[in-house]
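The values are calculated or read from the model by the stated rules, or taken from the named source; none is laboratory data. These figures come from a predicted structure and were not determined experimentally. Methodologically, a virtual Cβ is constructed for each residue, glycine included, from the backbone with ideal geometry; neighbour enumeration extends over all protein chains shown. Surface areas here come from the heavy atoms of the whole protein model, side chains and all, with no ligands, DNA or RNA. Shrake-Rupley method; radii C 1.70, N 1.55, O 1.52, S 1.80 Å.
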Amino acid sequence: MADVSRIRKFSGAADYTANFVVKDEIDRFLPGGRHFIDEKEIERCIAEIAGKPADPALVREIIAKSESTRETLKPSETAVLMAAAGDPALFAEMKAAALRVKKSVYDNRIVVFAPLYMSNLCVNGCRYCGFRSGNSEQKRRVLTMDELREELDILAGRIGHKRIIAVYGEHPSTSTEYIAETIETCYSHLVPAPNTGAKVGIRRVNVNAAPLPVEDLKVLRSVGIGTFQVFQETYNRRLYGQMHPAWSVKGNYDWRTTCFHRCLEAGVDDVGFGVLYGLCDWRYELLATVMHARDLERWFNIGPHTLSFPRLEPASGTKVPEESPWLIDDATFEKIVIIARLSVPYAGIIITARESPESRDKLLDGGMTQLDCSSNIAIKGYSDFESEAHQEKDRQQFMLGDSRSLDEMVRHLASRGTITSFCTAGYRCGRTGGCIMDALKTGREGKFCKINAVLTFREWLDDFASDETKTAGEKLIESELAGIREWLPKFYPAVMKQYEATCRGERDLFF
Ligand code: SAM
Ligand code: SF4
């Protein structure tokens, strides 16, 4: 059990809203009151590229820098790529480079996960979100630990997910103590797999929750949190203020923007950035993302492990997702992802099932590294509904676009020569934070994880796959093993030993 004795307690929603933010834990990361999101610099970069064609030589120089160093670009360099994205020939070069960067860092793997919504009670009033307080169209609930286990029976036991992103509203009823208990429950709940009866369970719990103080983050670290993901929504302070009422906890822009600095101080060293695209000019958001990554690198030598690209989706009781003047189309969305891939080359790129199957498939060629499938975002949706694809607007935050199952997705990816990775070895072997940053930038992680991807893929095919998917998967494994033999001839016998043990039914073997 986690030691929660140092976590502050609140008497209710009003007390929480008034007292949750710890001012000193903002101020120490904004020395001299200067914010690392430099609005003037962002505006200068945008003005600089306005109406001007990009210089092809400069664009190629920036692409080459991204590919060879895999270091975060400067905002001014990202701005040049933004200008170039308007030129079809240069954009084609950027796209090809984005895929090369992805392959050099992550090889041909795609990591899969599923969202698991724990609660929809919220003290905040975000104008675009179905969970905001005061939205009477939403049916509210917080999963009990028994209900959570029922959800895990489906997610881990029937579908076969090993990785989840646990999602929480912001409310005293889902305090850090509750979040820690849900993480512990996820790790400890093992169920028999349908094809083999092997004991299976969730091996990595990533969390998407509100920004927390340092002491609370230390508690989440102690129970083995994976990535801590917080979406900034918009980096534009003025628009942020319009979407997040000043009376709410989330209305505090500086508390949110400094949350990853607190994570890294607390030792939660895997952090996931995101912007809710559609609230502001996408160019502003991307330039600010780069500034945010560079400031974290400056303080801690660690940047974002992942970047997420949620787009505004229809939600209950709000018209913002339909009426925002900043909504983006599919072509712009593709540009954003490609520019992000080149601007923060080492970061994983997550494209969620908010997107349509067509949009996600296109981005498989644009540098995406993680996706969710068999997703249901209703609270207790996995165990209550006959199929994960079933959606009910008044029980979920927004509506999903891609309802493909994990089995379908594995088969689809295999047909493209892409291996689905269920590997979760990294954080369990201490390959997180600065260590993973290094491994990613040098390309070591991509190779290392290939072996673990093959082992976990074999497990999954045996435990969960339909016959059709198993056939497609086994063909891919053959070529992956041949690749490993060629690449690591001396190490190959050790790999085969683990592989054969996995085929015999041993589980959770990794390097
Ligand atoms: N409550 C926490 C917070 O806001 O940080 C974490 C969970 S919140 C349920 C997760 C994310 O959902 C938000 O950060 C926001 O980006 C996204 N979201 C909210 N409303 C959305 C909508 N209408 N369409 C797409 N994404 C939305
Ligand atoms: Fe609450 Fe998060 Fe929704 Fe805002 S986005 S209303 S904080 S759940």
Distance in nm between ARG127 and GLU41 label points, each 7 Å along Cα→Cβ, equals 2.9
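List the GluC sites (Glu not before Pro) within the range 39-94 that DSSP assigns to loop and that have no more than 16 neighbouring Cβ atoms inside 10 Å. Can you show the working numbers first?
Working: sites: GLU39, GLU41, GLU43, GLU48, GLU61, GLU67, GLU71, GLU77, GLU93; in loops: GLU71.
The qualifying sites are GLU71.
Step through the table entries LYS65/LYS335; LYS74/LYS450; LYS23/LYS74; LYS40/LYS335, compare each Cα-Cα distance with 21 Å, and write down the pairs that go over it. Let's see the in-between values first.
Details: LYS65/LYS335 19 Å; LYS74/LYS450 31 Å; LYS23/LYS74 30 Å; LYS40/LYS335 24 Å.
Pairs exceeding the cut-off: LYS74/LYS450; LYS23/LYS74; LYS40/LYS335.
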Distance in Å, no decimals, from the C-alpha centre of the range 245-266 to the one of the range 154-214 is 24
Low-density loop trypsin sites (Lys or Arg not before Pro), the range 241-345, at most 13 other Cβ within 10 Å, DSSP non-H/G/I/E/B, are LYS319
Relative contact order of the range 56-127 (C-alpha contacts under 8 Å, at least 6 apart) in percent is 31
For the chain, dividing by residue count, accessible area per residue (probe 1.4 Å) in Å² works out to 38
Rounded to a whole %, the carbon-and-sulfur portion of the accessible area of the chain at a 1.4 Å probe is 51
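What FRET efficiency comes out for TYR187 versus ASP87 if R0 is 51 angstrom and r is the Cβ-Cβ distance? Round to the nearest 0.05.
Working: r = 49 Å, r/R0 = 0.96.
According to the calculation, E is roughly 0.55.
Would you work out the Kirkwood radius for the chain? I mean one over the mean of 1/r across all pairs of different Cα atoms, in Å.
23.3
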Computed on Cα atoms, Rg of the range 444-503 relative to 2.2 N^0.38 Å comes out at 1.10
Mean separation of Cα contacts under 8 Å (at least 6 apart) over the residue count of the chain, i.e. the relative contact order in percent, is 20
The range 226-243 scanned against label point 7 Å out from TRP326 along Cα→C-beta; backbone N under 16 Å for 231-243
So SER415 and SER68, fully extended at 0.36 nm per residue minus their Cα-Cα distance, gain in nm 121.9 nm
With 0.36 nm assigned to each residue of separation and the Cα-Cα distance removed, MET145 to GLU408 gains 91.7 nm
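Taking only C-alpha pairs under 8 Å that are 6+ residues apart, what is the relative contact order of the range 200-337 in percent? Could you put the intermediate results ahead of the total?
Values: 188 pairs, mean separation 33.8, N = 138.
Relative contact order of the range 200-337: 25 percent.
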Given a Förster distance of 25 Å, the FRET efficiency implied by the Cβ-Cβ spacing of ARG237 and VAL21, rounded to the nearest 0.05, works out to 0.95
Counting only DSSP loop positions in the range 111-157, the GluC sites (Glu not before Pro) whose Cβ has at most 16 other Cβ atoms within 10 Å are GLU137
Subtracting the Cα-Cα distance of ARG60 and GLU486 from 0.36 nm times their residue separation yields 150.1 nm
From DSSP H assignment alone, runs of 4+ in the chain each adding -39500 (n - 2.57), the sum over residues rounded to the nearest 500 puts [θ] at 222 nm at -14000 deg cm²/dmol
